[in-house]
Amino acid sequence: REPCRLLAVSPPDEAAPSFDWRRSFAFSTFTGLYIGGVCTPLYSLYPRIAASLFRSPSPNVSGAVATLCDNFVHVPFLYLPAFYLGTGALRGESSAEMAGGLRRNWAMSVASCLSFWLPAQFVIFSMVPAAYRVRCVASCDFVWNVALSFIAHRREPISDAPPAMMQADS
């Protein structure tokens with residue numbers, strides 16, 4: 001199966017999947033607004049946090065502080081609620097449906113975030129010049145949001161078995 005198909009296609013049924021315009025609109029609108037409106041100013045704070053904790057932090061120390069702040073504070077408590085509530089609202093879900101989706105998917109989303117973003121952001125925040133960090137994160141964010149969209153729209157909770165998108169087609 002093609003992972004990018006998960007971006008805009010509803011979860012597969014017996015019938016051929018169809019393009020979900022509303023889901024695609026919600027996904028791309030949220031991502032554009034959040035990256036530009038929240039990440040840009042937030043990422044400028046991380047070097048100041050590192051400087052307040054360490055005198056003249058090295059790029060690796062500054063990158064580690066930014067990575068820890070983003071993955072253990074920003075994403076679990078700001079980004080994920082905004083993602084589930086924002087995309088749900090853009091798709092026309094009720095507040096109960098949005099809150100249920102967040103509650104049902106939060107732990108899996110945080111675990112997926114840590115496995116993807118800890119290494120990616122350490123590299124970005126410690127090696128990429130500040131002027132290019134948001135662009136670099138936006139590029140990685142496309143891949144991350146495909147995974148997050150898969151988690152949010154799967155039919156059954158993912159068990160200890162490997163995810164379907166990781167299994168080879170027969």
Please list, ordered by first then second residue, the pairs with beta carbon atoms under 7 Å, 6 or more apart or interchain, first in the range 28-39 and in a helix (DSSP H, G or I), second of a type in the set (Ser, Thr, Tyr) and open to solvent by less than 30 Å² (accessible area, probe 1.4 Å).
-> Phe30/Thr87
Flag if Ile151 is in contact with a Lys or Arg (Cβ under 8 Å, 6 or more places away or on another chain) and either touching a residue at least 12 places away in the same chain (Cβ under 8 Å) or farther than 20 Å from Pro81 by Cβ (or both) | no
If the Cβ limit is 7 Å and pairs must be 6+ apart or interchain, which residue in the range 108-122 that is open to solvent by 20 Å² or more (accessible area, probe 1.4 Å) pairs with which residue that is not in a helix (DSSP H, G or I)?
-> Met108/Ile158
Residues of the range 14-34 being at pLDDT 80 or above, open to solvent by 70 Å² or more (accessible area, probe 1.4 Å) and over 15 Å from the mean Cα position of the chain (by Cα), which ones?
-> Trp21, Arg22, Phe25
Out of the residues in the range 55-107 that are assigned to a loop (DSSP other than H, G, I, E, B) and free of Cβ contacts under 8 Å to residues at least 40 places away in the same chain, state the one that is farthest from Arg133 (Cα to Cα).
-> Ser94
Looking at the range 49-98, which of its residues are among the hydroxyl-bearing types (Ser, Thr, Tyr) and either under 20 Å from Ala111 (Cβ atoms) or surrounded by 15 or more Cβ atoms within 10 Å (Cβ to Cβ) (or both)?
-> Ser62, Thr67, Tyr79, Tyr84, Thr87
Filter the range 123-146 down to residues that are more than 16 Å from Thr67 (Cβ to Cβ) and either within 14 Å of the chain's Cα centre (by Cα) or surrounded by 19 or more Cβ atoms within 10 Å (Cβ to Cβ) (or both), then give me how many there are.
-> 6
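The values are calculated or read from the model by the stated rules, or taken from the named source; none is laboratory data. A quick note: this is a predicted structure, and the numbers were derived from the prediction, not measured. FYI the Cβ positions are ideal-geometry reconstructions off the backbone, even for glycines, and counts take in every protein chain you see. Heavy atoms of the whole protein, side chains included, go into the accessibility calculation; ligands, DNA and RNA do not. Shrake-Rupley method; radii C 1.70, N 1.55, O 1.52, S 1.80 Å.
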